[in-house]
Amino acid sequence: MLIVSEHTYLHSIYKRVLHHRGAKVLDYHYYATDFKLIEPNEPLQNPQIAQKKDIQLSAFDRARAITYLHERIYAPHKHLWYMTQGYNRTDNQLLNTEDKRIEILPDKLYAVVFLHSFDEAQYFYGVDDFDDIYHWTIFTIDNLLANPNIEKVFVKLHPNVDYESYPGDKIAYERLVHRYANQLKLDWLRKDCSPLSLSTSGCFVGITHHGSIAEELTFLGIPVIASTFAPWGKAYAFVHTWENLDNYKSLLQSLALETWTKPSEAMLEELYKYVVEYRLNAFPVNKKFAWMKFAEFLNCEINSLEFLRLEYELACDDPRLINFLNYLVLEKQRK
């Protein structure tokens, strides 16, 4: 029996190898439950990618999904647990990093690239054709700049960027700014620009690898291009997805004002189903991740990096860890 305390990097390698050799896997990271036992003859799946339950969306659940998405835009602090360093604004001002208002023409096509962390969880949702997120970023920007149908390419930092905990993000951002310093077709948006600023005028396309911004943009009527190596996977078709580099390049090169359309009603229906399954009916994250449970146990604030340090640096007989392990055992026995 293998118990997976973290589902990325080395832990995931152990999980795949030992499962292949006949071990049962107890994984705590499935979005829909507190844990899942995978038998040796069962296929391993990425526990953070939606599997799509075949459900009919009730009027009640549709209303729940719409309320949730509305709150994500107008009360951005309310739902996403990992947003600890900042949030998007709730107005419709489209500002660049110099706080200048950007003029948008109604008969032009614009693309916005939403940056991810370059330090953390590079392969959280699986390995695609790109070396890493930086490779994906420059490939995306370069192909958008080369598309003559696009009037302007905007690049937006994640509002939750934290250079102190993840200095690689600052290095990557500075490298990108230097790389595109002379590109008049590119501008940098304030990291806290609201998605509302893209929905009030002009024709925008949102580009993300796996970001939750795809949900908000689709809800606001902005088409999105994103990877299948993302929370929605291949299960929910509310964004225009790609599976490999060539497929992705074709999507970027084919963007044109003449073919630009808002997400269809069918795509919105897919979005609402996804939100119900993956957001509203998901197992509470604070009851799932070990570092959050450890913080709750100690009644203190602790982040995932500090918990990893405790795991790897503290002696095995440290009373805090022993007591925490006993706490987890008793909690599981109560269930």
Quiz item: Any residue at all in the stretch 192-203 that is open to solvent by less than 10 Å² (accessible area, probe 1.4 Å) and modelled with pLDDT of 95 or more?
Solution: no
Quiz item: From the list PHE118, PHE124, which residue is under 16 Å from the mean Cα position of the chain (by Cα), within 20 Å of LEU176 (Cα to Cα), of a type in the set (Phe, Trp, Tyr) and assigned to a loop (DSSP other than H, G, I, E, B)?
Solution: PHE118
Quiz item: If you go through the stretch 237-259 one residue at a time, do you hit one that is closer than 25 Å to ALA50 by Cβ, part of a strand (DSSP E or B) and open to solvent by 50 Å² or more (accessible area, probe 1.4 Å)?
Solution: yes
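Give the stretch 126-142 a look and list any residue that's without any contact (Cβ under 8 Å) to a residue 24 or more places away in the chain and closer than 28 Å to SER197 by Cα, or say none.
Answer for the stretch 126-142, where residues must be without any contact (Cβ under 8 Å) to a residue 24 or more places away in the chain and closer than 28 Å to SER197 by Cα: HIS135, ASP142.
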Practice problem: Take ASN41 and decide whether it is modelled with pLDDT of 85 or more, within 15 Å of PHE124 (Cα to Cα) and not in a helix (DSSP H, G or I). | Solution: no
Quiz prompt | Unique residue being closer than 27 Å to LEU268 by Cβ, open to solvent by 30 Å² or more (accessible area, probe 1.4 Å) and under 22 Å from the mean Cα position of the chain (by Cα) when the list is ILE55, ILE66 | solution = ILE66
Practice problem: Name every residue in the stretch 52-65 that is without any contact (Cβ under 8 Å) to a residue 60 or more places away in the chain and small (Gly, Ala, Ser), in order of residue number. | Solution: SER58, ALA59, ALA63
Quiz prompt | Residue, farthest from LEU105 (Cα to Cα), within the stretch 141-197, restricted to residues that are in a loop (DSSP other than H, G, I, E, B) and of a type in the set (Asp, Glu) | solution = GLU164
Self-check item: the stretch 206-222: number of residues that are open to solvent by 10 Å² or more (accessible area, probe 1.4 Å) and either under 16 Å from MET267 (Cα atoms) or assigned to a helix (DSSP H, G or I) (or both)
Solution: 6
Quiz prompt | Inter-residue pairs, beta-carbon under 6 Å, first touching a residue at least 60 places away in the same chain (Cβ under 8 Å) and in the stretch 66-80, second part of a helix (DSSP H, G or I), 6+ apart | solution = TYR68/VAL275; LEU69/PHE219; ARG72/GLU216; ILE73/GLU216; HIS79/ARG72
Quiz prompt | Candidates TYR82, TYR30 - the one that is open to solvent by 20 Å² or more (accessible area, probe 1.4 Å), in a loop (DSSP other than H, G, I, E, B) and either at pLDDT below 90 or polar (S, T, N, Q) (or both) | solution = TYR82
Self-check item: In the stretch 260-293, residue most open to solvent (accessible area, probe 1.4 Å) [restricted to those that are at pLDDT 95 or above and in a loop (DSSP other than H, G, I, E, B)]
Solution: LYS262
Practice problem: Run down ALA235, ALA226 and say which single residue is at pLDDT below 95 and either of a type in the set (A, V, I, L, M, F, W, C) or touching a Lys or Arg at 6+ places or on another chain (Cβ under 8 Å) (or both). | Solution: ALA235
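For the stretch 95-125, what are the residues that are free of Cβ contacts under 8 Å to residues at least 12 places away in the same chain and surrounded by 13 or more Cβ atoms within 10 Å (Cβ to Cβ)?
GLN122
The values are calculated or read from the model by the stated rules, or taken from the named source; none is laboratory data. Computed from a predicted model, the values in this text were never measured in an experiment. Virtual Cβ from ideal backbone geometry, glycine too; neighbours counted across all protein chains shown. We work out accessible area using only protein heavy atoms, side chains counted, and drop any ligands, DNA or RNA first. Shrake-Rupley method; radii C 1.70, N 1.55, O 1.52, S 1.80 Å.
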